[in-house]
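Here the structure comes first, spelled out in C-alpha cells, and everything after it is commentary.
The values are calculated or read from the model by the stated rules, or taken from the named source; none is laboratory data. This structure is a prediction, so every number in the text was calculated from the model and none was measured. Reconstructed Cβ throughout: ideal geometry from the backbone, glycine too, with neighbour counts over all protein chains shown. Ligands, DNA and RNA are stripped out before the accessible areas are found, and what is left, the full protein with its side chains, is counted by its heavy atoms. Shrake-Rupley method; radii C 1.70, N 1.55, O 1.52, S 1.80 Å.
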Amino acid sequence: MHRTIPPKNHMPKISRRKFLTAAAASVASTSSLANAITKALAIPANTKTKSIKDIEHIVILMQENRSFDHYFGTLAGVRGFNDPRAITLPSGKPVWHQPWGDSYVLPYHFDIHNTNAVRIGLDHSWKGSELTWKNWDAWITKKSPRCMGYFDRGDLPFYYALADAFTTCDAYHCSVFGPTDPNRFYALSGHAPNNITGLADHNLYNVSNGIYNADISNDKPNAKGIEWQTYAEILEKNDVSWKVYQEWDNYGDNYLQYFKNFRFDADGKPLTPDSPLYQKARAYAPGSHAGNAKSTTGQYLIDQLAADVKNGTLPHISWICAPTEYCEHPEATPNAGENFTARLLATLTDSPEVWAKTVLILTYDENDGFFDHMPSSMPPLSSAHGATTLNNATQGEVHNDQPIGFGPRVPVLIISPWTKGGRVCSELFDHTSLIRFMEEWCVQTQGLARENVTCPHISPWRRAVCGDMTSAFNFSTPNTDWDTSIPRAASYLKNWGNADALPPAIQTLPRQETSSVPRSACALPYRPIVDGAMTGSANQYVLRFANAGSVASTFIVYSQLNSNSPWHYTVEANKSLKPAAFDWDELGYHLAVHSHNGFLREFAGRFDQASSNAEVSLEEDPTTQALRIRFHNHSMVTCRFVLISNAYSNPTPHLIDAPAGETKTIIKSLTDSYGWYDFSVRIDGDAHYLRHYAGHLEGAGLNFTDPVLNGLVKVSGTNKTTR
C-alpha cells in the first residue's frame with residue numbers, strides 16, 4: 001500500500017533491540033576507532049603541485065540534524081560555550097539564557113550514557129517570520145526546552161578525536177533555517193526554489209515498515225520529479241566522474257533521485273537500471289535490497305566503496321547516504337554515526353595511495369531545532385533592514401517576503417592529508433560552499449573553463465559572502481609531524497539510558513575544554529572596518545562600514561535601545577558603504593556590531609555630555625602585528641580617555657589625556673596575544689561613554705584560535721554586548 005512519508009521531525013521510534021542487533025555485527029571498538037584516525041594521520045599528502053590540483057577524490061558525507069553547539073560547544077578552541085563576544089538578549093542576559101516563561105534554560109548536558117536524549121527529535125520547520133527570530137530568543141518557544149541539550153567528548157569520542165586530528169569548521173551554517181529538504185537541495189544544486197519549507201509533494205518519498213527509501217520509482221513510477229539542474233549534471237556534462245553510494249535503506253537522503261533528469265530520459269521514458277545515469281545516481285550497493293533493509297549496517301555501501309578504492313575506480317566526486325540508524329537523525333544514537341564514519345574513513349585509508357589524494361567532508365544538513373548561539377546573517381530586504389554594496393543582494397534570497405539568509409551553524413569536519421593538526425577554520429561557509437569547492441577543483445585540476453562548471457543557481461549574495469572551503473586546506477606545507485597519539489577516544493557506546501533528558505533543576509553555563517596552547521587556525525581573508533561618529537544633527541549617530549579584505553564581509557548590528565534592531569550589512573571586498581545614520585528618541589545611544597571570527601565594535605553614550613563628541617578609531621596593521629588606536633577629542637573640554645584591557649594583556653587602565661581639538665595615538669602590539677584583542681575605552685567623568693573593540697588581526701601570520709576558547713585566559717570588564 002502506498003503511503004506518504006510523515007515529516008522527518010515525527011519519525012517512528014527506532015527500537016533499542018534493533019540498534020543493538022545491528023551494532024553487534026559491525027561496531028568498532030575504542031582502539032579501532034582511534035586506529036582509523038591514526039592510520040589516516042600516518043599517510044602523507046600528495047604534494048606533487050602543492051595546490052588543490054593534488055586532490056583527486058572528494059567524498060561528501062552529509063548526516064542529519066545536528067547543530068554546532070549541540071555537538072561541539074564544549075570542544076576546546078572553537079567558537080563554542082566560552083565565546084566572550086556572543087550576543088545578549090533583550091532581557092540583558094547572554095544568548096545562552098533562552099527565555100522559558102518567567103525563567104530561562106541554559107545549555108545542558110544530554111548525557112548519552114544515562115538519558116534518552118538520542119531519541120529526541122525537535123521541530124525543525126521553516127523559521128517562518130523573521131520577526132520571530134530577529135532577537136535569537138525564540139528557541140524554547142519554538143523548539144521546546146530540549147533544544148538546549150548538548151553532547152561532549154564523553155558522548156562523542158570519535159568525533160572529538162577527529163576534531164583533534166583534522167580541521168573543524170566553526171562558521172559553517174546550514175543554507176536555510178528550515179528542514180532537510182531545502183538544505184539538501186542547496187547542497188546539490190545551489191538553491192531550493194519554492195521548496196524552502198520542504199518538498200511540495202511528499203509523495204515523492206516511499207516508506208515501508210519504518211525503513212526509508214528514496215527510489216520513488218518503487219511506488220510512484222510516474223511521479224514527475226523536480227526539474228531544475230543539479231551540480232551532478234554539470235559534472236556529467238564536463239566528463240567529471242561522480243557517484244552516489246547508498247543502500248536500499250538510505251533514509252530518503254539521496255535527493256538526486258527526486259530530480260526528473262535522474263528518473264526519465266530525453267524521450268520521457270523511465271531510466272532503466274542499466275542506464276549510466278541510473279547507475280551513478282540511483283543504484284544500490286550490490287547485495288542491498290528491500291528484503292534485508294531492516295538489518296542493514298551500511299556494510300554493503302562500505303564494501304562497494306572498498307572495491308572501488310581497491311580497483312582504482314573511486315570517482316572524483318562521491319556522495320554518501322548513510323542508512324537510517326547511522327545517519328544521526330536524533331531518533332538514533334549519534335555513536336552509530338561515529339561508527340559509520342569510522343568505517344568509511346578506514347575504507348578510504350586502506351589504500352594509502354588513494355587517501356593521499358582524497359578529501360572526506362563530514363557535514364550535516366540542518367540543526368533539527370537544536371540550539372546554536374550564533375545568529376545567522378542575511379541580506380537586508382530594504383534600507384530599513386540595513387544596507388549592502390551588492391546591487392542584487394536579494395535575488396534568490398526572499399521567500400514569501402521573508403529573507404532566507406542562513407540557518408544555524410552545523411558541525412563540519414574536513415578530514416584529509418592536507419587538513420591535519422586539529423585546526424579550526426572560521427571562514428563563513430554554507431552548503432553552497434561544497435559546490436564552490438567542487439567548482440574550484442574542476443577549474444584547477446581538470447582545466448575546465450570556469451563558466452562551464454559554475455553553478456548558476458547560487459544567489460549573488462551567497463556567492464559573495466560564502467567561501468569555497470579552500471581556506472581550510474594547507475596544500476603548500478601540509479602537516480607531516482602531527483602527533484598520532486592525539487586521539488582521545490572513550491569507550492564506544494552501544495546503548496543509552498532511559499532517564500528523561502530534561503533541563504536540570506540547578507543550571508550552570510557549560511564551559512569548553514581547556515588546553516595548554518591555542519589550536520592552530522586557518523588564515524582568514526577578512527579585514528572588516530567599522531567606525532562610529534556624531535553627525536552634528538541632534539540625537540544622531542552614524543556607523544561607517546568598510547572592507548579591506550579579499551572577500552565580502554557581513555555585519556549584524558544590535559541595540560539595547562532600539563527595538564528595530566538588528567540590522568544587516570554586507571560589504572564587498574575593498575568597498576565601503578555610505579555612513580549609516582541612526583536616530584534616537586532619547587538622549588542615549590547604543591550600537592553593537594558583530595562580524596566574523598569574534599569581531600565586535602560597540603558604541604554607547606549620551607548626546608548631552610560635554611565629552612559626547614570625543615571619539616575613538618582603530619586601525620589594524622598586519623605588517624607590524626599591532627593596532628593603531630586614535631583618541632579624537634572633538635569636544636570643547638579636555639578628555640581623559642581610559643583604556644581597559646578586557647583580556648589578553650595587562651588589565652591596568654591606560655590613561656590618555658587629550659586637550660580639546662587634539663588627537664592622541666598609541667600603538668598596541670598583538671604579538672603576545674596571538675593577534676587577539678579585547679579592550680574598552682571610557683571617558684573619565686562620563687559614566688555613559690563606552691567604546692568596545694575586539695577581534696583578531698587577520699593577515700598578520702598569527703593564525704591561532706582565540707585563547708579564551710581554550711580556557712587559557714578569561715575576559716573581564718565590559719566585554720559583553722548589552723542591549
Filter the stretch 149-200 down to residues that are outside any helix (DSSP H, G or I) and either touching a Ser or Thr at 6+ places or on another chain (Cβ under 9 Å) or closer than 28 Å to Leu235 by Cα (or both), then give me how many there are. 30
Listed by range, helices (runs of 4 or more DSSP H) wholly within the stretch 432-479 having at least 2 residues that are closer than 23 Å to Thr363 by Cα and touching a strand residue (DSSP E or B) at 6+ places or on another chain (Cβ under 7 Å) are 432-446, 460-465
Hits in the stretch 15-57 - residues which are at pLDDT below 60 and open to solvent by 30 Å² or more (accessible area, probe 1.4 Å): Ser15, Arg16, Arg17, Lys18, Leu20, Thr21, Ala24, Ala25, Val27, Ser29, Thr30, Ser31
In the stretch 378-399, is there at least one residue being closer than 24 Å to Asn195 by Cβ, assigned to a helix (DSSP H, G or I) and open to solvent by less than 10 Å² (accessible area, probe 1.4 Å)? no
In this structure, is Asn703 under 30 Å from the mean Cα position of the chain (by Cα) and either more than 18 Å from Gln609 (Cβ to Cβ) or surrounded by fewer than 18 Cβ atoms within 10 Å (Cβ to Cβ) (or both)? yes
Can you name the number of the only condition in (1) open to solvent by less than 20 Å² (accessible area, probe 1.4 Å); (2) modelled with pLDDT of 95 or more; (3) not aromatic (Phe, Trp, Tyr) that Ala501 fails? (2)
Against the condition among the small types (Gly, Ala, Ser), assigned to a loop (DSSP other than H, G, I, E, B), open to solvent by less than 10 Å² (accessible area, probe 1.4 Å) and at pLDDT 95 or above, how does Ala322 come out, does it pass? yes
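When you check Gln257 against the structure, is it surrounded by fewer than 19 Cβ atoms within 10 Å (Cβ to Cβ) and within 30 Å of the chain's Cα centre (by Cα), yes or no?
Working: surrounded by fewer than 19 Cβ atoms within 10 Å (Cβ to Cβ): no; within 30 Å of the chain's Cα centre (by Cα): yes.
When the stated conditions are applied, Gln257 does not pass them.
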Do the conditions hold for Gly121, that is, is it part of a loop (DSSP other than H, G, I, E, B), on the phi > 0 side of the Ramachandran plot and modelled with pLDDT under 95? no
In the stretch 348-358, what residues are surrounded by fewer than 24 Cβ atoms within 10 Å (Cβ to Cβ) and part of a helix (DSSP H, G or I)? Pro352, Glu353, Val354
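Filter the stretch 268-319 for residues that are among the basic types (Lys, Arg) and touching a residue at least 12 places away in the same chain (Cβ under 8 Å); which is farthest from Asn254 (Cα to Cα)? Reasoning before the result, please.
Step one: filter the stretch 268-319 for residues among the basic types (Lys, Arg), giving 269, 280, 282, 294, 310.
Checking which are touching a residue at least 12 places away in the same chain (Cβ under 8 Å) leaves us with 280, 282, 294, 310.
Numbers: Lys280: 11, Arg282: 8, Lys294: 18, Lys310: 25 Å.
Looking at the filtered set, the residue picked out is Lys310.
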Within the stretch 90-105, which residues are in a loop (DSSP other than H, G, I, E, B), modelled with pLDDT of 95 or more and either open to solvent by less than 10 Å² (accessible area, probe 1.4 Å) or small (Gly, Ala, Ser) (or both)? Val95, Trp96
Based on what the data block shows, is Asp531 surrounded by fewer than 17 Cβ atoms within 10 Å (Cβ to Cβ) and either over 30 Å from Arg146 (Cβ atoms) or at pLDDT 95 or above (or both)? no
Only one residue in Thr115, Thr132, Thr167 is β-branched (Val, Ile, Thr), in contact with a strand residue (DSSP E or B) (Cβ under 7 Å, 6 or more places away or on another chain) and open to solvent by 10 Å² or more (accessible area, probe 1.4 Å). Which one? Thr115
Looking only at strands (runs of 3 or more DSSP E) that lie completely in the stretch 514-588, which have at least 2 residues being closer than 25 Å to Asp608 by Cα and more than 21 Å from the chain's Cα centre (by Cα)? 528-534, 540-547, 580-583
Mind checking whether some residue in the stretch 570-588 is at pLDDT 95 or above, in contact with a helix residue (DSSP H, G or I) (Cβ under 9 Å, 6 or more places away or on another chain), under 14 Å from Ala546 (Cα atoms) and open to solvent by 10 Å² or more (accessible area, probe 1.4 Å)? yes
So which residues in the stretch 253-270 are part of a loop (DSSP other than H, G, I, E, B) and under 29 Å from Pro179 (Cα atoms)? Asp253, Asn254, Arg263
Scan the stretch 37-82 for residues that are under 16 Å from Ala165 (Cα atoms), over 25 Å from the mean Cα position of the chain (by Cα) and part of a helix (DSSP H, G or I) and report the count. 3
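Would you call Thr272 touching a Gly at 6+ places or on another chain (Cβ under 8 Å), more than 30 Å from Ala449 (Cβ to Cβ) and modelled with pLDDT under 90?
Working: touching a Gly at 6+ places or on another chain (Cβ under 8 Å): no; more than 30 Å from Ala449 (Cβ to Cβ): yes; modelled with pLDDT under 90: yes.
So Thr272 fails the test.
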Give the stretch 106-118 a look and list any residue that's in a loop (DSSP other than H, G, I, E, B) and of a type outside the set (A, V, I, L, M), or say none. Pro107, Phe110, Asp111, His113, Asn114, Asn116
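Applying the selection to the stretch 651-676, what residues are under 27 Å from Ala523 (Cα atoms), assigned to a strand (DSSP E or B) and open to solvent by less than 50 Å² (accessible area, probe 1.4 Å)?
Here is the first cut: in the stretch 651-676, the ones under 27 Å from Ala523 (Cα atoms) are 666-676.
Then keep just the ones that are assigned to a strand (DSSP E or B); that gives 666-669, 676.
Answer for the stretch 651-676, where residues must be under 27 Å from Ala523 (Cα atoms), assigned to a strand (DSSP E or B) and open to solvent by less than 50 Å² (accessible area, probe 1.4 Å): Ile666, Lys668, Trp676.
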Answer residue from the stretch 400-441, given it is at pLDDT 95 or above, under 28 Å from Phe371 (Cβ atoms) and acidic (Asp, Glu) and is surrounded by the fewest Cβ atoms within 10 Å (Cβ to Cβ) among those: Glu427
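Would you point out the residue of the stretch 595-618, among those that are open to solvent by 30 Å² or more (accessible area, probe 1.4 Å) and part of a loop (DSSP other than H, G, I, E, B), that is nearest to Pro525 (Cα to Cα)?
Initial filter on the stretch 595-618 (open to solvent by 30 Å² or more (accessible area, probe 1.4 Å)): 606-610, 613.
Pick out the ones that are also part of a loop (DSSP other than H, G, I, E, B) and you get 607-610, 613.
On the way: Phe607: 37, Asp608: 40, Gln609: 39, Ala610: 40, Asn613: 33 Å.
Among them, the one singled out is Asn613.
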